Structure formats: C-alpha cells, structure tokens
Amino acid sequence: MFKVNDNYQKLPGSYLFSTIAKKVSAFQAANPEKTLIRLGIGDVTQPLAPAIIDAMHNAVTEMGNAETFHGYAPDLGYEFLRTAIADNDYKARGCDISADEIFVSDGAKSDSGNIQEIFSVDNRIAVCDPVYPVYVDSNVMAGRTGTYDPKTEMWSNVIYMPCTKENNFVPEFPKENPDIIYLCLPNNPTGTTITKDQLQEWVNYANKIGAVIIYDGAYEAYISEDNVAHSIYECEGARTCAIELKSFSKNAGFTGVRLGYAVVPKDLKCGDVSLHQMWARRHGTKFNGAPYIVQRAGEAVYSEAGKAQLKEQVAYYMKNAAAIKGGLQDAGFEVFGGVNAPYIWLKTPDQMTSWEFFDYLLEKANVVGTPGSGFGPSGEGYFRLTAFGTYENTLAALERIKAL
Ligand code: MLT
C-alpha cells in the first residue's frame, strides 16, 4: 500500500490566496449585482509594455520558421537573458554577479518554494512574521517545521521574527541561531523595508553564524529611497551567505507570463559542497527551462524602450500606493508601507481582527483585501491592500472605504 507525504496533512487550511478567492467567489455568487474591487492578491492590471509585446511577437514569428525555431531551452536559461540580467541588475549596480550564477525560472514563487530542497531537513528556518506563506508552507511539506499549534498559529521548529509597528517592521536577530533565514525586502506583506546598512548587518550576522539568507527581491523595482539596497549583493560578504530570488511579475507585469530567476553565487558553500552546483543539478533535473518566447520578453525588459516603459508602469502603481496611503490616513487609519513597495499595510479599526475587517470590507464596501493574520500571527490586527489595481478602481475603493 502506498503512503502519502504525511507532512502535507499538517498544513492548516488551504493556501491563503485560494481561501480568499473561494470566499470572494461565494460572496459574488450570492450578490451578483455587486461590483467588487479587488485589491487582495498582488496581481497586476496594466497590460504588458509595448517593447515586451514586440519582443514576444518577434519570438513567435521565429518559432514559426524552421531556421529560427527553438525547442527545449537551455535548462539554466538562455545566455542572452542571463547576460542582460547580470549586466543590468548586477554589474550596473556594482555587484559582482556573473551570468553563469543566474538560473532562469518560471517565477520567484516556484524558486522560493523549491530552494529549500537543497538543504538538510534538520535545518532550522527563520522567517519574518508576517511572512509570504510560501516560505513556511514549502518547509512544512518538506518536514522541517515540527508541529503546528493552532492556538499560537506557530510551528514548533520555526523561528519567528516579529515585524510590527513597535520595531518599525524591521526584523531583529533571533535569540536562537537559524540555519536558513528568509528575508523579503521590500517586504510582502507589510510594504516596508530596511536600509542598506541594516541589510549589511544581516549579511554579517549570517556569515558569522554560518547561515544562508534566502533573499526575495521581488519588489525591488518599487524602491524609491536612496539608502535601500536593490540587491543583497550590494552588501559586502553576501556572496558567501546569500541566494537572491527575483521575479518579472511585479516590475514588468509577468504574473500571467511567468519568469523569474535565482542567483546562487559560486562562493556559497557548505564545507566543500557548492550550492551553485547543487541548484544547477536540481534545476537541470526538474526543470526544462522557461519558454523561448518568454525569455525574449524578459530580455526586452532590459532594452532602452522596455526600461522607459516599465518605469512608467511602476510609477503608475506607486501613484496608486500614494493615493491609498494618503486617502486612508485622511480617513483616520494607521497606515504603513507604500513608499518602497506596492503594498499598504494598515491597522484594522476598532480592534477588529484581520478576518473580521476582511468580511466587513467585502460586505459593506465590496472591496477585497488580504487579512494580515493570513501571513502569520503578528499580522493579526493588520490588513493589506495592493496598489496593483487600476487607478480608477483604486480611487473608487478609497471612496467606498471612506464612506463606511
Ligand atoms: C501576493 O499577493 O502576496 C503575491 O501576489 C503573491 C505572489 O506573488 O505569489
């Protein structure tokens, strides 16, 4: 008789955004006349930029000709894209990362869920609380998190680093030493970030205790302040302790196109064992490469036209962020984030729990957001709104919330 991976049975409930989608569908089915405004999941609404569409059209044409047709992509990514990434995201910022340390994938969600596979099941992970649920759930599936306490909503073998307004949403070094530290900066869900100096302290700490940092930089394009690092490799010593994950979803609107990459520096080792070689082995075995058309689209992100168009797109979403932040503040809400990230993190009013406020907003304003507690116990009493809606919907949602 076969046996299942029992670790899956330990997962409480379904994936956060699936739960929300089900609740919203049920509400819409019961209230078909209501027009919902969705500011929940961080999904983009602006169409792909013209430079990207042109590159995709050209690549589609190439795929239709025998001379220019492409079959399997190289499993670690096409050279043209890896070089564009190395030049633009790293060399241009003075970071010492070469094209062959970049592994192209179908997105940062996959990478952030898969990366734990190359680490021993005995490793102890540390996560910010609140946290993007994939980091914890993928470690639960691997059997690394111990037992779940439904009362505290915590796993016995996970080190939680609370990020609340009391510490300005800056994680503090944990009392016990972790082996793997997940950092998402600028942060999802709180929309806040830390300075480059503070990040440098994390790099020093990881090198000192022999930990690895999984650095999720999905929201890097939204950084507006000068003292914030765009890559962890801007910090000295990061090559020996950090893996960086990047996404094309948020900076270029690829949520439905799917493209991302992981950087695993060759200096990152556990004794004599190279994590770069391990990830190459894993990637080569389990992944057949992102599609050629999509990788050409990714290359266009770094073209002069692409850069200019995407700058405008990011500015569009950040205008939404400013409108949400200002509008909610005017309405008396306590609001965080939204300066270096497209997420607004607000304190729920009148001591409401996160889910109570979710229901209240859905029913009374027909606005969908994300309950903070879905990201971890320290998210209780908070709520996340995304700036990825259209400007019109964002303003309309604000009007509805103010009218409550
Ligand atoms: C979110 O809403 O937190 C993100 O869109 C989820 C993701 O990027 O997978």
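Computed values, structure above
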| quantity | calculated |
| --- | --- |
| Among 287-293, 372-378, the order from most to least packed when residues are scored by Cβ within 10 Å on average | 372-378, 287-293 |
| All lysines inside 22 Å of LYS319 as judged from Cα atoms, apart from same-chain residues fewer than 8 positions distant | LYS250, LYS307, LYS311, LYS347, LYS402 |
| Ratio Rg/Rh [Cα only; Rh per Kirkwood] for the chain | 0.96 |
| Helical contribution to [θ] at 222 nm, DSSP H n ≥ 4, -39,500 (n - 2.57), averaged over the chain, rounded to 500 | -10500 deg cm²/dmol |
| Those lysines that a straight Cα-Cα span of less than 21 Å connects to LYS286, excepting residues fewer than 8 apart in one chain | LYS109, LYS246, LYS266 |
| Extended-chain gain in nm, criterion 0.36 nm per residue less alpha-carbon gap, LYS196 and ARG93 | 35.8 nm |
| From phi via Karplus (6.51, -1.76, 1.60), per-residue ³J(HN,Hα) for the range 371-379 in Hz, x at Gly/Pro | x, x, 5, x, 9, x, x, 6, x |
| Label point 7 Å beyond Cα of THR240 along Cβ direction - residues of the range 202-229 with amide nitrogen under 18 Å | 202-214 |
| Sequence ranges 191-201, 383-393, ranked by mean other-Cβ count within 10 angstrom, highest first | 383-393, 191-201 |
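Readers should treat all values here as calculations from the given coordinates under stated rules, not as data from a laboratory. Being a predicted model, the structure only gives us computed values, none of them experimental. Counting neighbours? That spans all protein chains shown, and the Cβs are built from the backbone with ideal geometry, glycine included.
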